[in-house]
Amino acid sequence: MSGSEAFDVVVIGAGPAGYPAAIRAAQNKLKVACVDEWKNTDGTAAFGGTCLNAGCIPSKALLESSELYWRAREEFAHHGIGVGQVKLDLATMQRRRAGIVKTMTGGIAALFKSAGVTGIHGHGRLLPGNRVEVSGGMGATRVLEARHVVIASGSSPIRLPSMPHDGKLIIDSWNALELDAVPRRLGVIGAGVIGLELGSVWRRLGSEVTVLEALPQLLPMADQAIAREAQRHFKKLGLDIRLGAKVQSASVTGGAVSVVYTDASGEHRLELDKLVVAVGRRPFTEGLLAEGTGVKVDGRGFVEVDEHCRTGVPNVWAVGDVVRGPMLAHKGKEEGIMVADLIAGRYGEVNYRAIPSVIYTAPEIAWVGLTEEQVKASGRPYKVGSFPFAANGRARALEAAQGMAKMVSAADDDEILGVHIIGPFAGELIAEAVLALEYSASSEDLQRTMHAHPTLSEALHEAALAVDKRAIDSINR
Ligand code: FAD
Ligand code: NAD
């Protein structure tokens with residue numbers, strides 16, 4: 001083992017929670033190291049964590065390519081564009097995906113360099129006394145002395161023994177992003193965000209996709225008006241989503257996957273060419289905590305923290321997927337920035353009531369704040385306004401006049417409590433609603449805000465007007 005080196009801050013993990021923490025700490029004039037052990041399938045090390053290497057970015061690359069392929073086949077003729085027979089070149093599509101990932105992860109190394117962060121590839125283990133042992137990288141095992149440690153070790157897919165992962169036929173989301181051929185029959189276990197996004201990708205590229213979901217309801221965390229609308233669109237796409245289908249087991253025989261599941265009508269068997277298991281992710285803390293660090297992990301494996309991401313051990317913090325809250329890149333990023341500012345003695349806070357959720361299907365689904373069902377259950381009197389994209393000129397021009405924008409506000413002081421959108425670019429449109437919640441805006445604030453015409457954002461404006469039955473471009477009910 002070589003001698004020890006001293007840093008103000010050592011971050012373990014360079015995903016979307018860890019790398020912003022490292023960069024902000026360096027911006028705060030602290031001496032920072034960020035240790036990450038990620039290895040890609042070709043054995044190369046890369047910063048960026050799950051999100052950049054195997055999650056958000058590659059999935060969005062494929063969602064875009066597959067959507068274009070689908071639209072070229074299904075929609076171009078409607079615009080009066082003839083393209084002949086549309087052909088799929090999956091190898092090029094996958095090269096593009098890999099190229100985007102490489103550029104983005106390389107970008108983090110460049111950001112570290114320019115911010116003065118020491119990026120280290122290797123496994124980090126927290127030792128008692130705020131020291132971090134780094135092993136398995138290029139050089140010998142070394143120990144970093146740290147005034148502060150930020151744990152940002154992320155999450156990994158949940159593996160179920162009854163569906164043994166082999167990486168070829170029974171696969172996880174990372175494998176499903178890197179397939180080199182379109183499976184004829186693709187099964188997905190779990191109609192969560194991954195199941196719906198990856199199911200959409202391979203359905204558009206030609207697979208027969210069956211999604212098995214244990215719960216009786218689709219998207220229970222979403223506003224149910226939006227979930228019902230989404231279900232209609234998924235059906236139109238040809239996604240065969242079977243609700244109330246509890247998968248018992250999956251096994252590989254003769255080059256195919258056999259899945260046994262039960263629903264209200266009994267036991268069923270399904271034969272598939274590939275099966276994606278997307279039943280959630282769990283916090284990743286393997287080999288992370290040496291004996292005696294004092295950092296507590298709860299019954300589900302999450303590192304315990306308070307609302308400022310303090311672990312309870314002085315100067316040890318934890319952020320991102322490894323702690324409570326939604327497993328979203330932007331939530332981790334804000335936690336990382338907050339912690340780096342608190343360490344530097346600055347102000348830092350995360351508003352957990354204004355975390356946007358986006359599902360990048362077509363149409364996109366996005367929301368922030370409370371659903372109508374949650375507001376109703378809280379007993380607070382409320383008002384609702386919604387506006388269909390069918391009445392929005394830009395959506396019509398885009399040939400994407402599907403879905404709606406919906407706003408829920410308090411009946412007493414008109415504060416916006418939740419905004420729910422299903423429709424074109426919902427993930428972009430939701431940013432205005434996040435800002436509205438951040439500033440405790442009322443629906444009247446949005447009603448009085450000018451929105452450019454013709455834009456999709458007018459749907460949100462009209463939904464705000466509809467809250468008080470003053471919509472102009474649709475009939476108020
Ligand atoms: P991670 O991104 O998991 O990064 C943790 C890093 O720490 C990894 O590089 C890991 O190798 C490293 N590490 C772990 N332990 C150690 C150790 N002991 N020593 C050194 N390094 C260590 N979220 C969104 O917000 N939007 C999306 O569109 C989206 N799409 C997704 C699509 C898919 C297919 C998947 C799987 C996830 C998606 N997510 C999305 C979720 C998002 O990827 C995670 O919420 C996010 O990556 C969490 O960030 P993190 O930094 O906490 O952890
Ligand atoms: P998830 O928790 O969203 O969904 C898992 C689904 O699997 C649930 O609906 C669950 O009921 C179902 N399930 C569990 N066991 C089952 C069984 N035996 N049979 C049938 N169904 C079963 O998890 P995920 O889709 O794996 O995603 C993991 C995380 O990644 C999520 O927290 C999500 O926030 C994040 N993610 C986010 C995005 C995004 O923001 N666009 C995209 C992908 C992933």
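When residues in the stretch 153-182 are screened for being more than 16 Å from ligand 2 (Cβ to nearest atom) and within 19 Å of Val322 (Cα to Cα), 0 of them pass. In this structure, does Pro216 turn out to be in a loop (DSSP other than H, G, I, E, B), without any contact (Cβ under 8 Å) to a residue 12 or more places away in the chain and either open to solvent by 40 Å² or more (accessible area, probe 1.4 Å) or over 27 Å from Ala91 (Cβ atoms) (or both)? No: the conditions fail for Pro216. Mind checking which pairs have a first residue in the stretch 149-162 that is closer than 30 Å to Ala344 by Cα and among the aromatic types (Phe, Trp, Tyr) and a second that is in a strand (DSSP E or B) and within 13 Å of ligand 1 (Cβ to nearest atom), Cβ under 7 Å, 6 or more apart or different chains? Correct list of pairs: empty, since none qualify. For the stretch 304-347, the set of residues classified as farther than 20 Å from Gly129 by Cα, under 23 Å from the mean Cα position of the chain (by Cα), free of Cβ contacts under 8 Å to residues at least 60 places away in the same chain and in a loop (DSSP other than H, G, I, E, B) consists of Asp306, Glu307, His308, Val323, Arg324, Gly325, Pro326, Leu328, listed by residue number. Screening Gly13 against (1) buried (at least 16 other Cβ atoms within 10 Å of the Cβ); (2) on the phi < 0 side of the Ramachandran plot leaves a single unmet condition, (2).
Of note, Gln248 does not satisfy the criterion of being away from ligand 1 (no atom under 15 Å from the Cβ) and assigned to a helix (DSSP H, G or I).
Taking Gly238 as the residue in question, decide whether it is within 11 Å of ligand 2 (Cβ to nearest atom), out of contact with any Pro (no Cβ under 7 Å at 6 or more places or on another chain) and not polar (S, T, N, Q). Against the criterion (within 11 Å of ligand 2 (Cβ to nearest atom), out of contact with any Pro (no Cβ under 7 Å at 6 or more places or on another chain) and not polar (S, T, N, Q)), Gly238 does not qualify. Put simply, of Gly139, Gly106, Gly122 the only residue that is on the phi < 0 side of the Ramachandran plot and in contact with a Ser or Thr (Cβ under 8 Å, 6 or more places away or on another chain) is Gly139.
Regarding Glu178, is this residue within 30 Å of Gln248 (Cβ to Cβ), modelled with pLDDT of 95 or more and among the acidic types (Asp, Glu)? So Glu178 fits the description; yes. Of the residues in the stretch 64-73, not one is buried (at least 16 other Cβ atoms within 10 Å of the Cβ) and outside any helix (DSSP H, G or I). Here is the figure for the stretch 449-477: residues that are closer than 28 Å to Tyr352 by Cβ, open to solvent by 50 Å² or more (accessible area, probe 1.4 Å) and out of contact with any Asp or Glu (no Cβ under 9 Å at 6 or more places or on another chain) total 0. Would you please name the residue that is surrounded by the most Cβ atoms within 10 Å (Cβ to Cβ), looking only at residues in the stretch 96-111 that are farther than 20 Å from Val35 by Cα and among the charged types (D, E, K, R)? Among those residues, the one meeting the criterion is Arg97. Of the residues Ala405, Ala397, Ala366, Ala433, the single one that is of a type in the set (A, V, I, L, M), within 23 Å of Ser66 (Cα to Cα) and crowded, with 18+ Cβ neighbours inside 10 Å is Ala366.
Restricting the stretch 282-303 to residues that are in a loop (DSSP other than H, G, I, E, B) and among the basic types (Lys, Arg) leaves a set whose member that is least open to solvent (accessible area, probe 1.4 Å) is Lys296.
The values are calculated or read from the model by the stated rules, or taken from the named source; none is laboratory data. Computed from a predicted model, the values in this text were never measured in an experiment. Positions of Cβ are backbone-derived with ideal geometry, glycine not excepted, and every protein chain shown enters the neighbour counts. To get the accessible areas, we keep the full protein, side chains included, count just its heavy atoms, and leave off ligands, DNA and RNA. Shrake-Rupley method; radii C 1.70, N 1.55, O 1.52, S 1.80 Å.
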